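All remarks here apply to the structure that follows.
Coordinate-derived values only; no laboratory data. Quick caveat, the model's predicted, so the values are computed rather than measured. For neighbour counting, all protein chains shown are included, and Cβ atoms are generated from backbone atoms with ideal geometry for every residue, glycine included.
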Amino acid sequence: MIRAIIFDLDNCLSAADEVGRGLLEPVFDAIRWTNKGKLSDEALAQAFEACWRHPLDWVAREYGFSDEMLAAGWEVAARTEVEAPMQGYPDLGALAELPAMLFLVTSGFRRLQDSKIKALQFASLFEAIYVDAIDEADRKGKEGLFNEILKTYHLSPEEVLIVGDNPDSEIEAGNRLGMPTVQILRAGVPRGNNAAHYIHSLAELRALIK
């Protein structure tokens, strides 16, 4: 029986670029300025596109940023925040109808993720909200936070459904802990091969739980 559902935020409940792609342009400018020919324009474009689906530290490792490039982008990203209201995906209304405790676990820079949650004005829907802040020293990672939820709320892994877009992040973490996993295939999200279930809308979760 499913007693709780843990959701990711970006590209799961709201598009990472909902407020416009200009949000991260200052970060990208800082990285370009310090690139100094290390990566081609094509590689940089691919890396910047990946930033809409992955944390900056992951992108830096994957695309071979120099320490200077990562530090420059990091400094700007840590100050970035959303100031405009956000709506999230049109199916967010389905969350209130789910017969389970709801949790939000999101990775990214603390200031940016907190500002998105505030802009969405939906904190009251969740039992608790956790930010896996990549710019904080005591980072637990999503797997660590999932474990914390299990212990705090006296849940067993099979009672908690993980819903997210990223096969390498929340889906993999849920799988390692023995939790049933659901990849939501929002527009532009590539289908992975490691989730137990696949959906296109939050409205599909109610039937899946039953």
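Shown in residue order for the range 76-90 are the 3J(HN,Hα) couplings computed by the Karplus curve 6.51 cos²θ - 1.76 cosθ + 1.60 at θ = phi - 60°: 6, 4, 5, 9, 6, 8, 8, 10, 8, x, 10, 10, x, 5, x Hz (x for Gly and Pro). Pair-distance distribution P(r) for the range 21-77, from all Cα-Cα distances in 10 Å bins starting at 0: 26, 67, 6 percent. Per-residue ellipticity at 222 nm computed for the chain from its helices equals -10000 deg cm²/dmol, with DSSP H segments shorter than 4 residues left out and the rest contributing -39,500 (n - 2.57). Remark: the range 123-139, residue by residue, has Karplus-estimated 3J(HN,Hα) of 4, 5, 6, 10, 5, 7, 10, 10, 10, 7, 7, 6, 9, 10, 5, 9, 4 Hz, where x stands for each Gly or Pro and the curve is 6.51 cos²θ - 1.76 cosθ + 1.60 at θ = phi - 60°. Compared with the dominant principal axis of the Cα atoms in the chain, helix 41-50 is inclined by about 20°. Where is the GNM fluctuation largest for the chain (alpha-carbon springs, 10 angstrom cutoff): THR181, THR34, THR80? In this elastic network of the chain, the residue with the biggest mean-square fluctuation among THR181, THR34, THR80 is THR34. Shape class of the range 92-210 from the alpha-carbon gyration tensor: rounded, with the ratio a/c of largest to smallest axis under 1.5. Sorted largest first, the spans of the alpha carbon positions of the range 108-152 along the three principal axes are 27, 24, 11 Å. I'd like the orientation of helix 141-152 relative to the chain: the angle between its Cα long axis and the longest Cα principal axis, in ° from 0 to 90, rounded to 10. Its long axis makes an angle of about 30 degrees.
Sorting HIS197, HIS54, HIS154 from the fewest to the most surrounding beta carbons within 10 angstrom yields HIS154, HIS197, HIS54.
With bins 5 Å wide beginning at 0, the percent of Cα pairs of the chain falling in each bin runs 1, 7, 16, 19, 20, 16, 11, 6, 3, 1, 0.
Distance check, please: which entries in LYS142/LYS210; LYS38/LYS140; LYS118/LYS140; LYS118/LYS210 exceed 28 angstrom between their Cα atoms? Let's see the in-between values first.
Working: LYS142/LYS210 26 Å; LYS38/LYS140 32 Å; LYS118/LYS140 22 Å; LYS118/LYS210 31 Å.
LYS38/LYS140; LYS118/LYS210, as the Cα separations exceed 28 Å there.
Phi-derived couplings, Karplus 6.51 cos²θ - 1.76 cosθ + 1.60 at θ = phi - 60°, listed residue by residue for the range 193-203: 10, 10, 8, 6, 9, 9, 9, 10, 8, 4, 4 Hz, with x used for Gly and Pro.
Helix 110-120 and the longest principal axis of the C-alpha atoms of the chain enclose an angle of approximately 50°. Here is the size of the range 138-208 from its Cα atoms: Rg then Dmax, 12.3, 38 Å.
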